[in-house]
Structures are given as structure tokens and as C-alpha cells.
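A quick write-up on the structure given underneath.
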Amino acid sequence: MQKKILLLPGDGIGPEISAEAIKVLDCLNKKMNLDIGYDYGLIGGCSVDVHGVPLTDETIAQAKSSDGILLGAVGGPKWDTLDRAIRPEKGLLKIRADLDLFSNLRPAILYPQLADASSLKRELVADLDILIVRELTGGIYFGEPRGVRTLENGERQGYNTLVYSESEIERIGRNAFEIAQKRDKRLCSVEKANVLEVSGLWREVMGSIADDYPDVELSHIYVDNAAMQLVRAPKQFDVIVTGNLFGDILSDCAAMLTGSIGMLPSASLNADGLGMYEPVHGSAPDIAGQGIANPLATILSLEMLLRYSLDMSDAADLIAKAVGSVLDQGLRTADIYSKGMMKVRTDEMGDAVVKAL
Ligand code: NAD
């Protein structure tokens, strides 16, 4: 049966970088007879311009009936003065909530050709390939009660609640084990079980489901040590699974190990395997329309879509190889350019990936 992708190019550089990912998809469709169809939809500022809201029910319905969603980026100064309820970023939060995208995958991959872009020493990061699985719809960002109250002595006190139920932990845990099975089969669970009861439960549940994945080696680490290890020896990790707050912080830290935001894809998945895939960066209004944005994070987001939502790892592997190959050839967009390399524009980078395929 034909698989269908919903494309949401969005705003700013979104349409430019999405166009390059589509070239790659068209090429793979032809080369490997993948039979992947695609439709377009509106999200963010472009939807506000047409419909007055950043996300319509029609786009949500399109997303729900697709096998995967590829998003460019949303937002820009044109919409920054709008009422908060209809700003472009609200569309993004709404689609994540409506599709119950509880699992956020943030790879930190450093192609050896770009090792000098990292703030860490080349030997620590060259060939880095780790994946952080972050729980996205629970934990302290959503826990109740929350608020700011006034105490009897008149002092104000802010409070939030870090809460995870067994089923929430098990859901993200199983997801992470399954992902580890598709990689190097090592899963590291990050929490703070020496201090927090919720982390004690997290560790217990992770341990109890491990028996169902005998091929995956599970380890546990406290979050403070995980942060230290990420900058000391990041290559020791394969897949990391953690809660919303710890994942937010650790995934940004891991992303920066790679040096360039223009190279980083991400995925957010629900329990049925439906996922939304997008570059980590935003709509880059400062360079939009100039044809100089790096399309590789979006092309690598397509790679993740093929791997995790369509189960087409052969095609995904080909994309990863092609990206490595264009970097080997010395092609660089402005954001990853260094002396001696060949500076290329957005469409030239996309064309080069297609040629390498
Ligand atoms: P940004 O990621 O858009 O840009 C930060 C810097 O990185 C800019 O200098 C930009 O030129 C550069 N950059 C980003 N992507 C690049 C690429 N592919 N190639 C080359 N350079 C690239 O972050 P920002 O400036 O803080 O935000 C701009 C807009 O994007 C805002 O409206 C913000 O709300 C929105 N935003 C959207 C998302 C999303 O759609 N998921 C995420 C973050 C920010």
C-alpha cells in the first residue's frame, strides 16, 4: 500500500530547505520504487496569513491520516506582535499535543568531516552518534499542582510537581528499547534516583521491562553524572532515555557537541509510530529567501522519517551515506564553511545529495 507523507514547509527558510528534502524523496522514490506519496499543508505564519490561525482542523486531519509528517520551521518577525494564542509557535505546540507525540528523538551526530566545528577536541567527538529519547508530554512541565503562592509570612513561593506514572515511564521505556534494537543495542536510562522518589520508580520500571529486550544492554546513570560524561566522553553512549526536564537540558548539550545547528534533525513520535520530523533549528528569518540555508538537517529529518515511521532503513541508510559523501567532497553551506572547502548554496547542496544517491 502506498505510504503518504504530509509536508509542512512552514515559514522563513522552511520552504527552501523542505524543497531540497523533497528532491531527495523524489530521487529515492524513483531509484528504489518506494511508492511514497506526499501532500502539502499549512502550519505557522503561512497558515495565519491564509486562515487566521496557525493550525487548522484540516491540517490536523491531514496529519492524522498520513504515515509521517515532515516539517520545515515556523515563525518570524512578521507574526511576533500577534496575540500569543495565534502566534506561529502555537501551531507547533498544538500539533504535538493533538497527535500525542510523547517521544522526542534528538540525535547528536557528528560527521568526522565537521569535527573541527565542535567545541570539544576532535578525538572526543569525531564519528559521534548518540540518540536522546526524551519523554515529551509529562513530567514537571505538565505536573500539577503548579503555581506561585503567598505564604503566611507574606513571602511568595513558586512550585511545580515532578510526576510520572508507571504507564508513562513504561511507554517511553519500551519506545527507547525498540529504538536501541535498531541501533547499537545499548540503552542508558538517566534519572536522579538517589534523591527523587519519581526517579526511583523510573529506574524500577525501566529495569522491569528490560527482560522483554534481552538483546539490549540497559544501564542507569544519575543526571549530574550524565551531563559530566556527555562532555567528558560522549561516544560511550548509544541511546539515552530520560524524562522531559532532564531530556530538554541534555539534548541541547549533546546537540552543541556537534557544532552546527544546520545539521541536526529531530523526531517526535506517538504510540502508533506516527511521527513528526523536523530540523532542530528555527525559521532563520535573518537568512530567509537568500538561498544560503543548510538543508541537511531537513534532509536528515527525512532520513529519520523513513527509518522510524516507514520502516525503510535501507533508504534511510542511503541518505545518511549520501550526506557523508557530499561532506567528503568538501561541499559546505555558509554555516559549516571553513577555509579550503567549497561554499555552496541551499539548492546546490540538495542537488549534490541527490547526485550522491
Ligand atoms: P533559528 O534556529 O531560526 O536561528 C538561529 C541562528 O541559526 C540564526 O543565525 C540562523 O540564521 C541560523 N540558522 C538556523 N538554521 C539554519 C540553517 N538551516 N542553515 C544556516 N543557518 C541556520 O532561531 P531563532 O533566530 O531564535 O528563531 C527564529 C524564528 O524561528 C523565531 O520565530 C522562532 O520562534 C522560530 N523557531 C521555530 C522553531 C521550529 O519551527 N521548530 C524552533 C526554534 C525557533
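The values are calculated or read from the model by the stated rules, or taken from the named source; none is laboratory data. Bear in mind the structure is a predicted one, so any value in this text is a computation, not a measurement. We place every Cβ from the backbone using ideal geometry, glycine too, and count neighbours over all the protein chains shown. Areas reflect the complete protein model, heavy atoms only, side chains present, ligands, DNA and RNA absent. Shrake-Rupley method; radii C 1.70, N 1.55, O 1.52, S 1.80 Å.
When the residues of the stretch 279-327 are narrowed to those that are outside any loop (DSSP other than H, G, I, E, B) and polar (S, T, N, Q), which ends up farthest from the ligand (Cβ to nearest atom)? If we take residues in the stretch 279-327 being outside any loop (DSSP other than H, G, I, E, B) and polar (S, T, N, Q), then 313 is farthest from the ligand (Cβ to nearest atom). Evaluate the following for residue 207: is it assigned by TED's automatic domain parsing to the domain that holds residue 336 and either away from the ligand (no atom under 16 Å from the Cβ) or modelled with pLDDT under 95 (or both)? For residue 207, the condition - assigned by TED's automatic domain parsing to the domain that holds residue 336 and either away from the ligand (no atom under 16 Å from the Cβ) or modelled with pLDDT under 95 (or both) - is not met.
What are the pairs with Cβ atoms under 6 angstrom where one residue, in the stretch 338-353, is open to solvent by 90 Å² or more (accessible area, probe 1.4 Å) and the other, located anywhere, is of a type in the set (Phe, Trp, Tyr)? Sequence gap at least six, or different chains. Correct list of pairs: 343/337. Just one of the listed residues (86, 69) is under 16 Å from the mean Cα position of the chain (by Cα), more than 9 Å from the ligand (Cβ to nearest atom) and not hydroxyl-bearing (Ser, Thr, Tyr), and it is 69. For the stretch 79-89, the criterion of being at positive phi, assigned by TED's automatic domain parsing to the domain that holds residue 304 and surrounded by 15 or more Cβ atoms within 10 Å (Cβ to Cβ) is met by none of the residues. Filtering the stretch 13-50 to residues that are among the β-branched types (Val, Ile, Thr), open to solvent by less than 70 Å² (accessible area, probe 1.4 Å) and more than 19 Å from residue 306 (Cα to Cα) leaves 13, 43, 48. Taking the numbered list (1) on the phi > 0 side of the Ramachandran plot; (2) outside any loop (DSSP other than H, G, I, E, B) in turn, residue 124 passes all entries but (1).
Filtering the stretch 40-68 to residues that are closer than 20 Å to residue 84 by Cα and outside any helix (DSSP H, G or I) leaves 42, 43, 44, 52, 53, 54, 55, 56. Taking strands (runs of 3 or more DSSP E) as the structural unit, those lying wholly within the stretch 137-192 and holding at least 3 residues that are open to solvent by less than 40 Å² (accessible area, probe 1.4 Å), in contact (Cβ under 8 Å) with a residue 24 or more places away in the chain and assigned by TED's automatic domain parsing to the domain that holds residue 250 correspond to 186-191. In the set 274, 230, 187, 218, which member is over 17 Å from residue 131 (Cβ atoms) and of a type outside the set (Asp, Glu)? Unique residue meeting the criteria: 274.
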